[in-house]
Amino acid sequence: MGSVCQAERVKLKTRQAIAAAAFLWAGLALGATAGALSCEYLADPEGVDVAAPRLGWVINSSRRGEAQTAYQVLVASTPQMLDRGIGDLWNSGKVESTDSIQVSYQGQPLGSLRTCYWKVCFWDQWGNASAWSKPAQWSTGMLTPGEWKAKWIGLDPGTGPGGAPASAASPRRLGARWLRREFPVGKPISRATVCYSGLGWSELYLNGRRIGNEVLSPALSDYRRRVFYVTHDVSSAVRQGANAIGVVLGNGRFYAPRLDNPKTETFGAPKLLLQLHLEYDDGSSDDVVSDDSWKLSADGPIVANNEYDGEEYDARREFVDWSKTGFRDAAWQQAQLVAAPGGALCAPMIDPIRVTGAFKPMSVSEPKPGMFVYDLGQNFAGWCLLRVKGTSGQQVRLRFAERLRDDGTLYLDNLRSAKVTDLYTLKGGDLETYEPRFTLHGFRYVEVTGYPGTPGPDAIEGRVVGDDLERAGEFSCSNELLNRIYRNVVWGVRGNYRSIPTDCPQRDERQGWLGDRAAESRGEAYLFRNNALYAKWVQDMADAQRDDGAVPDVCPAYWPLYNDSVTWPGCIAIIPGALLDQDADRRLLERAYPAIARWLDHQVSMVKDNISARDTYADWCEPPESPALIHSKDPARKTAGPILATAYLYHCLRLGARYARVLGIPEDEKRFDARADGLRQGLNDRFYKKDLAQYDNGSATSSILPLAFDMVPAGERPRVMAHLVDKIMRDNNGHGSHGLVGGQWVNRVLTRDGHGDVAYTMATQTTYPSLGYMVTHGATTIWELWNGDTADPAMNSGNHVMLVGDLITWLYEDVAGIAPDEDRPAFRHILMRPTPVGDLKSVKASYRSLYGLISSEWKRDGAAFSLDVTVPANATATVYVPANDVATVTESGKPATQADGVRFLRQEGGAAAFEIGSGAYHFRSGP
Ligand code: BGC
């Protein structure tokens with residue numbers, strides 16, 4: 001009996017202990033909630049036109065080993081219902097799943113112009129449920145084309161005042177078109193939503209109020225294939241009674257700023273499609289649409305505008321209160337019904353372009369009487385705000401440049417034909433402020449002429465303009481030069497994002513050149529949250545594909561360059577792979593795959609004897625032999641086109657095979673792999689010189705590509721690598737000799753074969769050619785040319801990103817040790833293998849993955865090495881701590897082999913490898 005009682009007591013105690021522990025865990029689990037809710041990668045997006053948008057959340061928890069085992073999503077049509085726990089649109093129920101990103105909406109079919117309110121909770125690995133997240137929302141756009149009742153309106157050139165003939169010679173700068181109408185609202189309104197597309201660029205006003213804060217909107221596209229429209233909830237701007245709506249249209253790329261040299265696509269005169277949907281309290285609804293009842297004027301204050309040449313604004317011609325009711329528009333003409341641009345209407349599922357920053361001048365000088373030059377201290381893309389007081393008719397002229405001449409005046413030679421001039425005509429009287437709407441400049445210096453009197457420091461303010469993207473990561477290290485280069489890259493990338501990635505923001509070009517970004521873009525993902533932007537650009541590529549499979553070199557193909565080279569169009573195959581690794585974006589892959597496969601087959605059809613000779617641009621911008629040259633003339637410095645084309649096609653075919661495997665298309669996988677095998681054979685047969693362990697002339701890039709893509713004959717890799725190292729260290733005294741193609745792989749390929757110090761030597765040079773040389777010569781961004789300070793200005797931008805190559809990828813993935821694992825992508829599993837290189841003493845990096853913040857910080861002091869890492873909840877990592885013996889490794893002061901949540905895996909290549917779950921860890925190795 002006694003013993004039974006004893007047994008019962010033990011049981012009871014055990015139960016109590018378990019209950020207490022469960023309570024403790026439950027308490028902790030309740031502390032962890034889901035946050036940073038996103039829909040299609042965006043926070044609370046408006047106008048989503050994807051039928052089943054993808055949702056994601058981040059689990060906020062610092063507990064070690066936190067993981068989700070199930071989730072529940074509620075999507076409701078009102079905030080009240082969501083609050084009461086009713087998911088009338090979707091109640092997923094408890095879904096046993098570890099997925100916390102890329103979760104497709106699976107609820108009721110969504111109607112157009114609805115707001116969906118949602119929240120999520122999750123269960124941890126002990127079965128505890130979290131609290132509900134804070135609510136988030138998305139709204140839908142126009143889901144079916146038939147719902148558009150609006151008509152395209154505008155003013156075709158040559159048909160009225162302010163219209164210029166369609167054939168106007170370059171530069172082409174129409175005045176802005178102003179469109180307006182008034183409309184009554186007879187009943188109380190419950191909701192008003194506007195969807196509109198004002199091409200090329202537009203701003204919308206309702207009752208005198210600017211709607212939205214995006215600029216240079218909508219996103220760029222080939223308007224014959226795709227037209228982006230913008231959606232806004234305007235419930236608070238519409239009122240019962242009389243209302244007025246107005247739109248101002250700029251030229252953008254729709255009415256192209258140039259037509260020739262090279263041939264440029266143009267799409268017609270600016271035009272508008274707008275539909276304002278009014279929902280009344282009584283359940284009825286109405287639409288106000290663009291049609292020929294609208295009034296239009298081309299005689300407003302924006303006398304001329306285009307992106308390259310600037311905007312001319314005459315404040316005397318302002319239409320005061322033009323977007324309010326009662327404005328007298330009798331002198332305006334009726335808007336014309338005009339042809340639709342042709343493309344499908346789509347929501348731009350990307351963050352819009354906005355003014356994202358400001359610069360006060362660092363200094364101002366007066367190199368000539370009446371000519372004032374402001375230095376904003378940073379090369380960037382945007383424009384200036386002008387403050388001026390004077391008399392009516394006085395004109396202030398602003399011009400923009402990246403550099404100054406020795407005499408302190410602007411250096412404009414590298415802008416080619418771009419006039420980069422904003423002209424402001426004063427109305428006179430009080431202080432006037434002006435910011436252009438429909439132009440963009442790439443500059444650090446601003447020249448002001450015609451200013452009444454002497455402009456003070458406040459007369460000018462720089463406005464940074466570009467895609468309004470969240471920063472994704474931070475990097476700093478003990479080498480100040482590398483930190484400076486890193487900052488220059490950040491500014492370079494920032495200045496070249498504007499709904500597409502461009503080559504440069506300043507001269508008469510500004511195109512989405514594919515080759516520049518092929519693998520370089522992977523590094524950009526650590527700087528900015530650019531996944532939606534790049535997914536959009538891949539769509540632009542698919543849109544631009546010709547029926548025969550050809551993809552152009554520039555997308556959108558405003559310059560229709562269908563050269564059928566491999567390296568530039570190869571971007572269509574390469575970028576989806578990076579998005580698959582970084583974000584597990586399978587849907588993008590599904591969408592892009594047919595275009596990728598068609599392009600691969602098209603390229604393969606041109607292969608002869610297992611060699612592709614399709615190359616147009618060579619290893620663009622390898623360092624030339626003479627300071628004034630743009631391109632080298634020395635055959636010894638160049639990499640043969642067929643090596644570039646064959647190696648890239650090989651790589652793209654292997655990627656194609658990987659995609660086919662992911663998507664379950666075995667016949668494609670086999671076909672692509674077989675063609676790739678042939679190309680490897682072809683490359684080695686034709687170009688590999690075994691006696692010299694080099695390809696062809698032994699240029700750096702001719703070694704880099706076969707090494708990076710694993711094409712080198714079995715057993716020869718160390719010799720080819722040694723050749724590459726010699727090329728850099730011996731022949732070029734520790735400098736690179738590659739152009740933009742080789743540069744996209746060089747640092748990683750060296751480091752992964754144990755030559756990280758060579759990569760570091762190149763990355764920290766201050767002499768020509770190097771990124772450090774640019775820094776020491778005053779660059780605040782990255783130049784187009786290694787010799788950007790001395791080369792022919794015909795092609796010499798001061799703000800390009802192509803020569804960044806794989807530097808940023810290398811800094812994050814290799815040096816800091818934050819890399820995705822292809823097998824468990826999106827950093828679900830992280831490969832954390834920091835590489836102490838050169839004389840680096842410390843590195844600190846962080847990256848905001850879709851699962852949450854990952855960080856890695858290492859320091860070394862003699863033989864002692866410390867590594868602090870953070871792994872977000874629902875993710876795991878393999879961490880490699882440099883150490884020859886695991887016995888010398890501790891974690892938070894304990895032997896690492898006994899530390900909580902740390903599992904020793906193996907000794908590998910001079911490091912002890914551990915498996916960890918989420919949380920923060922402090923490893924230390926050495927004495
Ligand atoms: C662009 C580059 C581009 C190249 C290709 C240049 O004008 O600025 O970024 O890759 O042309 O030809």
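Using a 1.4 Å probe on the protein heavy atoms, what percent of the accessible area of the chain belongs to carbon and sulfur? Mind showing how you got there, number by number?
Values: 17110 of 33420 Å².
Ligands and nucleic acids excluded, carbon and sulfur give 51 percent.
Calculate the tail of P(r) for the stretch 275-323: the fraction of all Cα-Cα distances greater than 18 Å, expressed in %.
58 percent
Given a Förster radius of 30 Å and the C-beta distance between GLN108 and GLN240 as r, what FRET efficiency does 1/(1 + (r/R0)^6) yield to the nearest 0.05?
E(calc), rounded to 0.05, equals 0.45.
Per residue, what volume in Å³ does the Cα convex hull of the stretch 429-487 take up? Intermediate values should be presented prior to the final figure.
Details: hull volume 10.0 nm³, N = 59.
Looking at the stretch 429-487, the number lands at 169 Å³ per residue.
Compute the distance from the alpha-carbon center of the stretch 102-125 to that of the stretch 342-387, in whole Å.
Between the Cα centres of the stretch 102-125 and the stretch 342-387 lies a distance of 39 Å.
Determine the distance separating the Cα centre of the stretch 194-213 from the Cα centre of the stretch 461-524; give it in Å without decimals.
Centre-to-centre distance over Cα atoms comes out at 28 Å.
Output the direction-averaged projected area (hull surface divided by four) of the convex hull of the alpha-carbon atoms of the stretch 515-622, in nm².
Average projection, Cα convex hull of the stretch 515-622: 7.2 nm².
For the pair ASP677/ALA920, report the inter-label distance in nm, with labels modelled 7 Å from Cα in the Cβ direction.
Label at ASP677, label at ALA920, 5.2 nm between them.
I'd like the Kirkwood hydrodynamic radius of the stretch 697-786, using the inverse of the mean 1/r over distinct C-alpha pairs, in Å.
That comes to 13.4 Å for the stretch 697-786.
Can you compute the helix-only [θ] at 222 nm over the chain? Use -39500 (n - 2.57) per DSSP H run of at least 4 residues, normalise by all residues, nearest 500 deg cm²/dmol.
-6500 deg cm²/dmol
Could you calculate the FRET efficiency of LEU663 with ARG471 from 1/(1 + (r/R0)^6), where r is the beta carbon distance between them and R0 is 30 Å, rounded to 0.05?
Between LEU663 and ARG471 the formula returns 0.40.
Bin all alpha-carbon pair distances of the chain at 10 Å intervals from 0 and give each bin's fraction as a whole percent.
Using 10 Å bins, I get a P(r) of 2, 11, 19, 23, 21, 14, 7, 2, 1, 0, 0 for the chain.
Using a Cα-Cα cut-off of under 21 Å, which lysines could be cross-linked to LYS894, ignoring same-chain neighbours fewer than 8 residues away?
LYS894 reaches LYS859.
Students often forget the sequence filter, so: which lysines lie under 29 Å Cα-Cα from LYS263 once same-chain residues fewer than 8 apart are removed?
Within the straight-line limit of under 29 Å, LYS263 reaches these lysines: LYS271, LYS419, LYS536, LYS633, LYS638.
Where the centre of each part is set by its Cα atoms, how far does the stretch 655-677 sit from the stretch 32-52, in angstrom?
Distance between centres, Cα-based: 33 Å.
Please give the charge dipole size of the chain, origin at the Cα centre, charges +1 on K and R Cβ atoms and -1 on D and E Cβ atoms. Round to the nearest 20 debye.
Numbers: 100 positive and 110 negative charges, 248 e Å.
Once rounded to the nearest 20, the dipole reads 1200 debye.
State, to one decimal in nm, how far the label point of ASP868 lies from the label point of TYR562, with both points 7 Å from Cα in the Cβ direction.
Using points 7 Å along Cα→Cβ, the separation is 5.6 nm.
For the stretch 431-532, with only Lys/Arg (+1) and Asp/Glu (-1) charged at the beta-carbon, what is the dipole magnitude about the Cα centre, in debye rounded to 20?
260 debye
Might you tell me the accessible area per residue for the chain, computed with a 1.4 Å probe and given in Å²?
I get 36 Å² per residue for this part.
Take each uninterrupted DSSP H stretch in the chain, measure its Cα extent along the helix axis, and return the ones at 30 Å or beyond whose mean Kyte-Doolittle hydropathy is at least 1.0.
none
How many nm is it between the label spots at ASP731 and ASP458, if each spot is 7 Å from the Cα in line with the beta carbon?
Rounded to a tenth, the inter-label distance reads 6.0 nm.
Could you work out the percent of alpha carbon pairs in the stretch 189-294 separated by over 20 Å, rounded to a whole number?
Values: 2438 of 5565 pairs.
Here the tail beyond 20 Å accounts for 44 percent of pairs.
For the chain, what proportion of DSSP beta bridges, expressed in % and rounded to the nearest 5, is antiparallel?
Details: 165 of 176 bridges.
Around 95 percent antiparallel, to the nearest 5.
Stick to Cα atoms and the Kirkwood definition of Rh, then tell me Rg/Rh for the stretch 627-743.
1.04
Are any of the pairs LYS324/LYS427; LYS94/LYS119; LYS389/LYS427 more than 18 Å apart by Cα-Cα distance, and if so, which? Intermediate results must be reported in sequence, preceding the final value.
On the way: LYS324/LYS427 21 Å; LYS94/LYS119 13 Å; LYS389/LYS427 9 Å.
Long pairs (Cα-Cα over 18 Å): LYS324/LYS427.
How big is the Cα convex hull of the stretch 554-694 in projection, averaged over all directions, in nm²? Write out the running numbers ahead of the final one.
Details: hull surface 42.2 nm².
Averaged projected hull area, Cα only: 10.6 nm².
Mind computing the radius of gyration and Dmax over the alpha-carbon atoms of the stretch 373-463? Å is fine for both.
12.8, 38
The values are calculated or read from the model by the stated rules, or taken from the named source; none is laboratory data. Note that the coordinates shown come from a computational prediction; the quantities given were computed from them, not determined experimentally. Glycine also receives a Cβ, built like all others from the backbone with ideal geometry; neighbour counts cover every protein chain displayed. Ligands, DNA and RNA are excluded from the accessible area calculation, which covers all protein heavy atoms including side chains. Shrake-Rupley method; radii C 1.70, N 1.55, O 1.52, S 1.80 Å.
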